[in-house]
Amino acid sequence: MLSKIKPLLNKYFQGVFKLLASLGITPNMLTFTSLAVSLLLLSLVFVKRENTPPLLVIALIFIVNLLDFLDGGLARYVGQSSSVGAFLDSTFDRVADAIVLVSLAYCGFISFEEAYISLVGFYLVSYSRARAEGLKRDIKLAGVGLMERAERILVLLLSYILYVINLKFISKAVFYTLIVLVYMTALERILVIVKRLRKT
């Protein structure tokens, strides 16, 4: 869903991309910084556990995903899009997904079992797209399914914020709805892929 408005967001962020480029910041710098912030989040919650300041958790998750958005946009702005950059970005996204879910489990927001179930769904959505597009049969899955990566993170953050402000029942309802929609997205992608492969 949000992938459809990404070109519009990139247009509004042209000034940011120009500033980053003028400072000599490269897309890969942003990618590795995003990974570093993810690891900082994990280290923090591993030590602090349920005493980790919620606002700090929210801020770090937001920064990780903002950097993920900026690195791709900057790469296109400066004409440095590359297979290596795309590979690193996609790989680090999977690492960040795992770290965010495990961190939220350490914070006491979800159980480790819930984190595991969520992560399997997250990976199914991502892997189905990567594997299908890797077959080089012109299968494009951007926009297929409700829960692409940006949507997953936004809904997950919303659920956590509701938990922080003590709306725990609503928070759990949002979280479980997210999980159901993630698996529905994975199933939809699998069905679309199989259908398109049979036509080629």
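Brief remarks follow.
- Residue in the stretch 59-78 that is surrounded by fewer than 14 Cβ atoms within 10 Å (Cβ to Cβ), among the polar types (S, T, N, Q), modelled with pLDDT under 95 and out of contact with any Asp or Glu (no Cβ under 7 Å at 6 or more places or on another chain) present: no
- Among the candidates L162, L187, the residue that is free of Cβ contacts under 8 Å to residues at least 40 places away in the same chain and under 19 Å from F122 (Cβ atoms) is uniquely L187.
- Residue match in the stretch 87-102 (condition: at pLDDT 95 or above and over 13 Å from the mean Cα position of the chain (by Cα)): yes
- Within the stretch 43-65, the set of residues being among the hydroxyl-bearing types (S, T, Y) and touching a residue at least 24 places away in the same chain (Cβ under 8 Å) comprises just one member, T52.
- Residue identified as surrounded by 14 or more Cβ atoms within 10 Å (Cβ to Cβ), of a type in the set (G, A, S) and either under 19 Å from the mean Cα position of the chain (by Cα) or at pLDDT below 95 (or both) among S126, S83: S126
- Of all residues making up the stretch 18-41, the number that are over 16 Å from the mean Cα position of the chain (by Cα) and assigned to a helix (DSSP H, G or I): 9
- The residue list I170, I193, I179 contains one member that is among the β-branched types (V, I, T) and either modelled with pLDDT under 95 or touching a His at 6+ places or on another chain (Cβ under 7 Å) (or both), which is I193.
The values are calculated or read from the model by the stated rules, or taken from the named source; none is laboratory data. A quick note: this is a predicted structure, and the numbers were derived from the prediction, not measured. Note: ideal-geometry Cβ built from the backbone for every residue, glycine included; neighbour counts use all protein chains shown.
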